[in-house]
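No value in this document is a laboratory result; all are computed from the given coordinates. Every value quoted in this text rests on a predicted model; they were computed, and no experiment measured them. Glycine gets a Cβ as well: all are built from the backbone with ideal geometry, and neighbour counts include every protein chain shown.
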Amino acid sequence: MPAGISGLTYSTASRNGTTDVNGHFNYYPGERLSFRVGNLQLAEGVPARPVVTPLEFFPDVRAALEIPGTTDEGLQSHRLTEQQLIQNHVTLINLTRFLLALNWSLNLSNGQGIDIRDRVITQLNAALPNLSTPIDFNVPESDFAKGGDSLSPANQLLQSICFYPADDELCEDPPSESEIANADPRPDEEEDRDENVEYREDLQSKRDRILNAVRSLEDVDVEDAEGYLTRELDTITTRLGNRYYLDDYVAEFPASDTTIKTVQVRKIADQPQLDTIEAISTRDQDVVVHSFGWQSASVEYFVAGESGGESELLVNFRPEGNYRWVKKQLRVLIQ
């Protein structure tokens, strides 16, 4: 993810490690990744790439991502597929909610990565053997996030983790109801109170603070997970698109010049390698797309309209080894 998920253990055929503060990991091309949080397996057999998202943790999702949707313009787009998967893939949302709930600070700001700290992982590993059943990300959302008197395994685990320093009061066991009931009530007059005594009201307040600090999946709902994934995926698409440009943004030709013109896809500091390309003209009566080719990373077109006409050429392409599409546009003016 762009902002990164730190603290995940990863392994490939050649190495093992932990994702750093930016979520980075090391690999050789062609390797596959396994991811764990502590001793809890999250994914395995994930193709190693410069950017890996939770969507790519699942084989069926990876396959679905290769099938783009079609926009109202008639162009192919991966974003439609991503959104369908985010809204309909229960396992993906369960996993994402769980990762967000493990973040050291519950409130994740835009652009901030998920920070899974060693202290959290130590407590997670200690709690895993004591769960009623293993955590299963494939169960329905309601079962995965079940609270109340019959906590889901994921919530049992979260309840066992204190997201504060070890010496913080919020990591202590809360006073029991019997301890509170047996404590003396706080005297009405301040001069009658002993500062070294925890009165009934003090113990009740302490119990409330500790219990309110216990984290659960109710703190990270489905909308939070969907919003997080959407923001991160949109950032990836934007960054990918920023690496490419057309050699012209605006082109002007006289109506009499009907020769075939070419616009080229360029890549910053490199040669563009494309898997496929397509292009349309928003006004075929003024500008006509003649041909396009992924090998040459170019689109050919010609002017067909009269003076004063114009059109946008929409050039849509998928870089090699990537399921994401990039759209660029060229404005063509007829003089």
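At a glance:
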| item | result |
| --- | --- |
| Share, in percent, of DSSP beta bridges within the chain that are antiparallel, nearest 5 | 90 percent |
| Residue-by-residue Karplus 3J(HN,Hα) for the stretch 109-114, coefficients 6.51, -1.76, 1.60, Hz, glycine and proline x | 7, 4, x, 9, x, 7 |
| Which label in (1) 58, 44, 39; (2) 100, 51, 35; (3) 71, 50, 38 gives the computed Cα extents along the principal axes in Å | (2) |
| Size of charge dipole - the stretch 288-332 - debye, nearest 20, with Cβ of Lys, Arg +1 and Asp, Glu -1, no other charges | 300 debye |
| Charge dipole (the stretch 22-122, unit charges on Cβ, about Cα centre) - positive-most of Ile116, Phe57, Pro68 | Ile116 |
| Rounded tilt (10° steps) of 90-101 against the dominant C-alpha axis of the chain | 60 degrees |
| Fewest-first ranking of Phe98, Phe58, using other Cβ atoms within 10 Å as the exposure measure | Phe58, Phe98 |
| Tilt relative to the chain, helix 200-212 - C-alpha long axis, 0 to 90 degrees, to 10 | 30 degrees |
| Spatially close lysines, pair count over the chain: Cα under 27 Å, gap of eight or more or interchain | 5 |
| Helix-derived mean residue ellipticity, 222 nm - over the chain, DSSP H n ≥ 4, -39500 (n - 2.57), to 500 | -8000 deg cm²/dmol |
| Options Ser281, Trp325, Ala251, ranked by Cα towards positive dipole end of the stretch 244-334, top entry (Cβ charges) | Trp325 |
